[in-house]
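The values are calculated or read from the model by the stated rules, or taken from the named source; none is laboratory data. This is a predicted model, so every value here is computed, not measured. Counting neighbours? That spans all protein chains shown, and the Cβs are built from the backbone with ideal geometry, glycine included.
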Amino acid sequence: MNISHERNAKSVEWYTPAWIFEKLGIDFDLDPSSPHDMVLDWIPVKQRYTVFDDGLSKPWAGRVWLNPPYCKVTQQWMRRMAAHGNGIALVFSRTDAAWFQEAIASADAVLFVAGRIDFVPGHENKHKKSRSGAASVFLAWGKESVVALQRLGDRGFLVYPKKAGVAA
């Protein structure tokens with residue numbers, strides 16, 4: 001999916017690398033924020049919405065892969081994902097943001113990635129570095145998504161937020 005960094009009102013596209021999907025080893029039913037400018041055939045997904053489809057307002061069904069635009073509307077995408085409750089999201093680790101706190105409280109598993117992910121640059125960035133500008137985190141909702149996220153567990157610190165509130 002794409003990652004947009006807002007700079008001078010210009011969107012910069014970065015996409016999830018294939019190795020992430022290889023390690024997850026799971027298929028998705030929907031990618032609601034799929035890139036419009038290139039086909040990422042390594043994303044195992046049945047249906048895609050691009051910016052021209054307005055995936056935020058379209059119906060979501062099944063397991064969702066979400067790498068939303070990273071801008072002012074990230075919170076709307078993450079609130080929608082949390083409400084949907086089935087799939088995996090990849091976003092910057094913005095632990096201080098209200099949307100992040102809401103999402104992590106509803107997630108079944110969270111993987112804080114060690115280091116930075118080298119993303120695939122979009123067409124407009126083909127000669128630029130692909131390392132993200134911040135730490136990333138995966139959030140999973142649903143049993144199958146948690147199992148898939150566990151396959152990436154060696155790439156960071158995996159936690160189960162819902163279990164954290166249980167007193168021993």
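Search region 3-27 for residues being exposed (fewer than 15 other Cβ atoms within 10 Å of the Cβ) and of a type in the set (A, V, I, L, M), and hand back the single one that is modelled with the lowest pLDDT.
Applying the first criterion (exposed (fewer than 15 other Cβ atoms within 10 Å of the Cβ)) to region 3-27 yields 6-10, 18-19, 22, 25.
Subsequent filtering for residues that are of a type in the set (A, V, I, L, M) retains 9, 18.
On the way: A9: 34, A18: 90.
This residue is A9.
What's the number of the only condition in (1) over 19 Å from R79 (Cα atoms); (2) over 14 Å from the mean Cα position of the chain (by Cα) that L24 fails to meet?
(2)
Can you tell me which residues in region 65-100 are touching an Asp or Glu at 6+ places or on another chain (Cβ under 7 Å) and either part of a strand (DSSP E or B) or over 20 Å from F119 (Cα atoms) (or both)?
W65, R79, A82
Restricting the search to region 56-86, which residues are buried (at least 20 other Cβ atoms within 10 Å of the Cβ) and of a type in the set (D, E, K, R)?
Within region 56-86, R63 is the sole residue that qualifies.
Mind checking which residues of region 87-99 are within 17 Å of F157 (Cα to Cα) and surrounded by fewer than 20 Cβ atoms within 10 Å (Cβ to Cβ)?
Just the residues of region 87-99 that are within 17 Å of F157 (Cα to Cα), to begin with: 88-95.
Passing the criteria: F92, S93, R94, T95.
Of all residues in region 47-64 being of a type in the set (A, V, I, L, M) and assigned to a loop (DSSP other than H, G, I, E, B), which is farthest from F119 (Cα to Cα)?
A61
Answer yes if at least one residue in region 110-124 is out of contact with any His (no Cβ under 9 Å at 6 or more places or on another chain) and within 14 Å of W141 (Cα to Cα), and no otherwise.
Within region 110-124, one or more residues are out of contact with any His (no Cβ under 9 Å at 6 or more places or on another chain) and within 14 Å of W141 (Cα to Cα).
Kindly check whether there is at least one residue in region 27-42 that is among the aliphatic types (A, V, I, L, M), under 21 Å from P161 (Cβ atoms) and not in a helix (DSSP H, G or I).
no
P59 - would you say it is within 14 Å of the chain's Cα centre (by Cα) and either over 14 Å from A89 (Cβ atoms) or of a type outside the set (S, T, N, Q) (or both)?
No, not satisfied.
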